[in-house]
Amino acid sequence: MPSKHYTLKKEAFILSTGDIITGKTAGSQRVMKIAKSLREEGIEVFICVLSNIKSDKIEPVALVPGISMLMSKEERVVKRTCMVNFLSYVAGYIHGRNTNSVIYLYPTTYVLKDFIYLIYFKYFNKIKFFCEINELRTAIATTPFPARNGLNRTRNRIKAFVEYFKYKANEFQIPLYDGVVVISTALERRFAGNARRIIRVPILCDVNDIDDREVPMLNPDAPFKICFAGYIKYEKEGFNILYESLSLLKQSYKPELYLYGKQEEKDRCLLNKLADKYGLRDDVYYMGNIDPGDLPDEFRKYNLLILPRPLNRRTKYGFSTKLSEYLVSGIPVLATDVSDNAMYIRDSFNGYIIPPGSASVMADKLQEIIRNYNCQADRVVKNAHNTVRESFDYKIYSKVYAEFFWPDEGGEVN
């Protein structure tokens, strides 16, 4: 009798050096959306973080059904993570399961480690290896950062030079991956000629997170409260334009700005100087880097969520993952026309969008939003929720991911 043909079960291992689950970042939120997207196709997902695996006694700790974090099982293990041991332990765990497995790398700035992962798992262990590209790293290195004196400017330029060539060398890895997933059309165009295979998956949302309560009415006598949430980087997020626009808006209204997210000391100092320059010391509040799970309730305290990014090489190629959290929040969103924002945001329909780089344009738009708020905001939010359902829900991309990782099998799970 002919032998029966058995198709191995499909599993995906999401790998990273950084804290991609418990970290208070938009990246950790995206990783979970990717994992949930794969789970919708019946694919079991394991998340592997360098710092969590320190012995060969590994066990999966369930995060939600079908998605687990790999952790060292023993209570007493070496405190310091060893890269060699990590590689060996994870590879042994994958091979021991005897499944049709792929590795999906969520990259970090530790590009040498990412290269080691690629070589070890793909070429030494023959495991299909894919990578996400969600920003252009060489653009990060060349983004100017204000310096107080010539010595600091020189140091910044030397550092940028070194970082640029490190990230440029990192791009030569792209043809080695079995495929890359990019987050924006600009990245897709840039790497389409180098990658073996490439797909674009934009920012992801969970429709179950949609807050469909009515938008609170704006009291004309109360301050107009604006919220920014994300990595508070001076040169990346366009705070100079935002602060200047608020100073212009103060001539007619009472704006307040609330900031949530990680903030480094150098950015804190620069923002304080901006607040002094534009007379906003009593109008800007730093609320800390809170747990992402607490942000939805915080968003409901505000009248507008804002993404004021300027146009530069960094913002051209990226696509703010924070926009996905904004769109489900039940609060109107104002964004600048950078990256793919205008592909999805229609001004005064499902959000507000303006050209980047002009404080007067931003101030004018804020005045328009305030004037029309009570008759427009609820409709804008409802349309934003429809955009989430049609374009960003993670379930839309479940089959896309599965067919990309397992192209010869149509992504089907047996």
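What is the distance, in nm, between label points placed 7 Å from the Cα along the Cα-to-Cβ direction at Asp408 and at Lys168?
Result: 3.8 nm between the two label points.
Which residue, chosen from Met32, Tyr302, Leu366, occupies the Cα position most advanced towards the positive end of the dipole of the chain, where the dipole is computed from +1 (Lys, Arg) and -1 (Asp, Glu) charges on Cβ about the Cα centre?
After comparing all options, I get Met32.
Amide H to amide H, which residues 5 or more places from Ser348 or on other chains are under 5 Å from it, using H placed in the peptide plane?
Amide H neighbours of Ser348, under 5 Å, 5+ apart: Ile353.
Going down the table (Lys166/Lys316; Lys10/Lys54; Lys113/Lys159; Lys54/Lys168), which pairs top 23 Å between alpha carbons?
In this structure, Lys10/Lys54; Lys54/Lys168 exceed 23 Å between Cα atoms.
Can you compute 3J(HN,Hα) from phi for each residue in segment 329-338, using the Karplus curve 6.51 cos²θ - 1.76 cosθ + 1.60 with θ = phi - 60°, rounded to whole Hz and x for Gly and Pro?
Ordered by residue, 3J(HN,Hα) equals 6, x, 10, x, 10, 10, 10, 8, 7, 10 Hz.
For segment 207-391, with only Lys/Arg (+1) and Asp/Glu (-1) charged at the beta-carbon, what is the dipole magnitude about the Cα centre, in debye rounded to 20?
480 debye
Report, by chain and number, residues whose modeled amide H sits under 5 Å from the one on Ile14, excluding near sequence neighbours (fewer than 5 apart, same chain).
Phe46, Ile47, Cys48, Tyr104
Using the alpha-carbon atoms, what tilt in degrees (0 to 90, nearest 10) does helix 150-171 show relative to the longest principal axis of the chain?
Once rounded, the angle reads 40 degrees.
By a straight-distance test (C-alpha under 18 Å), which lysines pair with Lys57 as possible cross-link partners, with residues fewer than eight away in the same chain excluded?
Correct list for Lys57: Lys73, Lys79.
Pop a pseudo-label 7 angstrom from the Cα along the beta-carbon direction at both Glu214 and Tyr110 and give the gap in nm to one decimal.
Distance between the two pseudo-spin positions: 5.1 nm.
Collect residues whose amide H, placed 1.01 Å from N in the peptide plane, falls under 5 Å from the amide H of Phe224; neighbours closer than 5 in sequence don't count.
Lys254, Glu256
Mind sorting out which of (1) 0.99; (2) 1.18; (3) 1.05 is the real Cα Rg over 2.2 N^0.38 Å computed from the coordinates?
Calculated Cα Rg over 2.2 N^0.38 Å: the matching label is (3).
Which FRET efficiency value, to the nearest 0.05, is calculated for Leu63 and Arg346 with the Förster distance at 35 angstrom and r the Cβ-Cβ distance?
E(calc), rounded to 0.05, equals 0.45.
For the chain, take the longest principal axis of its alpha carbons; what is the angle in degrees between that and the long axis of helix 359-387, to the nearest 10 within 0 to 90?
The two axes meet at around 50 degrees.
Summing +1 for each Lys or Arg and -1 for each Asp or Glu, what net charge is found among the other residues whose Cβ lies under 14 Å from the Cβ of Tyr373?
Spelling it out: positives minus negatives among the neighbours equals +1.
With θ set to phi - 60°, apply the Karplus curve 6.51 cos²θ - 1.76 cosθ + 1.60 along segment 102-112 and write out the HN-Hα couplings as whole Hz, x wherever there is a Gly or Pro.
For segment 102-112, the Karplus curve yields 10, 10, 10, 7, 9, x, 10, 6, 7, 5, 5 Hz.
Can you say what percent of the DSSP beta bridges in the chain, counting only those with both residues inside, are antiparallel? Round to 5.
Roughly 10 percent of the beta bridges in the chain run antiparallel, per DSSP.
May I ask you to sort Ser37, Ser252 by Cβ crowding, counting other Cβ atoms within 10 Å and putting the fewest first?
Ser252, Ser37
Rounded to two decimals, what is Rg over Rh for segment 207-391 when you use alpha-carbon atoms and the Kirkwood radius?
Reported Rg/Rh, Kirkwood definition of Rh: 0.93.
Quick check for me: using +1 on Lys/Arg Cβ and -1 on Asp/Glu Cβ, what's the dipole size of the chain about its Cα centre, in debye to the nearest 20?
1480 debye
What list of ³J(HN,Hα) values in whole Hz, one per residue of segment 35-43 in order, does the Karplus curve 6.51 cos²θ - 1.76 cosθ + 1.60 (θ = phi - 60°) give from phi, with Gly and Pro shown as x?
So the Karplus estimates, Gly and Pro as x, are 4, 5, 4, 5, 4, 4, 8, x, 8 Hz.
Read the figures in this text as sums done on the coordinates, not as results from a lab. What you see is a predicted model, and the numbers here were worked out from it, not measured in a lab. Note: ideal-geometry Cβ built from the backbone for every residue, glycine included; neighbour counts use all protein chains shown.
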